[in-house]
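What follows is a single structure, written as structure tokens, with notes after it.
The values are calculated or read from the model by the stated rules, or taken from the named source; none is laboratory data. It should be emphasised that the depicted structure is a prediction, and the values quoted were computed from it without experimental measurement. Every residue, glycine among them, receives a Cβ derived from its backbone with ideal geometry; neighbour counts consider all protein chains shown.
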Amino acid sequence: MLTVEHLSCAVLQDISLTLRDAQTVCLSGASGSGKTRLLRAIADLDLNSGKVMLDGVVREAIDPCHWRRQVAYLPAESRWWAQTVGEHFRNPADVPFERLGFDGQVTAWKVERLSSGERQRLAVLRVLENRPRVLLLDEPTANLDALSTQRVETLLMEYITQEKAACLWVTHAADQIQRVARERLLLEDSQLRLAAVA
């Protein structure tokens with residue numbers, strides 16, 4: 001379980017929330033409301049204050065690299081640092097590339113040839129390879145067509161269920177919220193409030 005108590009950062013003040021194991025909560029809000037800032041603060045990528053705990057252990061007691069593997073932030077636009085796709089995975093042979101529409105040759109592809117949608121799907125696989133306990137997803141299907149969106153949703157929901165991972169999923173799509181979550185939070189005026197899923 002992930003617990004956030006009185007978290008504050010550049011644009012947010014006194015944010016508290018709890019994510020239970022195997023729970024997906026969708027997060028919505030206007031552009032600039034601080035959704036990405038919240039995810040980055042929880043992942044400890046931006047300066048913030050407050051208390052964040054994983055299974056009752058405070059973030060400061062966990063090595064930062066281990067924290068970010070366990071509390072994994074998936075940005076809307078992923079970063080790529082090596083020339084080929086395969087270099088971004090520890091064990092490419094164990095990654096289910098086919099689940100998101102790729103064949104076995106994808107590991108040899110040059111990163112520069114990837115479309116934004118291909119990068120997005122591969123970034124999902126890259127995050128899941130670390131077997132995180134918590135997923136912080138920043139619009140993971142924003143650049144995808146309907147089939148790719150369905151594949152990503154299915155893979156993520158299977159992972160969340162099987163691994164009992166907690167998930168905070170940023171999306172504006174009402175139909176997606178209905179498919180993946182039973183709870184929705186709305187971020188406005190630097191405050192979180194429960195909102196209807198439907």
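Points to keep in mind about this one:
- Residue list for region 131-180, filter: over 22 Å from ASP55 (Cβ atoms) and small (Gly, Ala, Ser): ALA142, ALA146, SER148, ALA173, ALA174
- Test for LEU27: is it in contact with a Phe, Trp or Tyr (Cβ under 8 Å, 6 or more places away or on another chain), under 29 Å from HIS172 (Cα atoms), part of a helix (DSSP H, G or I) and touching a residue at least 60 places away in the same chain (Cβ under 8 Å): no
- Criterion: under 15 Å from the mean Cα position of the chain (by Cα), surrounded by 11 or more Cβ atoms within 10 Å (Cβ to Cβ) and at pLDDT 95 or above - qualifying residue of LEU54, LEU137: LEU137
- Looking across region 10-40, the residues that are over 20 Å from PRO140 (Cβ atoms) and buried (at least 19 other Cβ atoms within 10 Å of the Cβ) come down to LEU12, ILE15.
- Selected residue [over 17 Å from the mean Cα position of the chain (by Cα) and polar (S, T, N, Q)] from THR154, THR149, THR107: THR107
- Filtered by the rule that a residue be under 17 Å from ILE160 (Cβ atoms) and in contact with a Lys or Arg (Cβ under 7 Å, 6 or more places away or on another chain), region 1-24 gives MET1, ASP21, ALA22.
- Where strands (runs of 3 or more DSSP E) fall wholly inside region 157-198, the ranges with 3 or more residues that are of a type outside the set (S, T, N, Q), more than 26 Å from ASN130 (Cβ to Cβ) and in contact (Cβ under 8 Å) with a residue 24 or more places away in the chain are 183-188.
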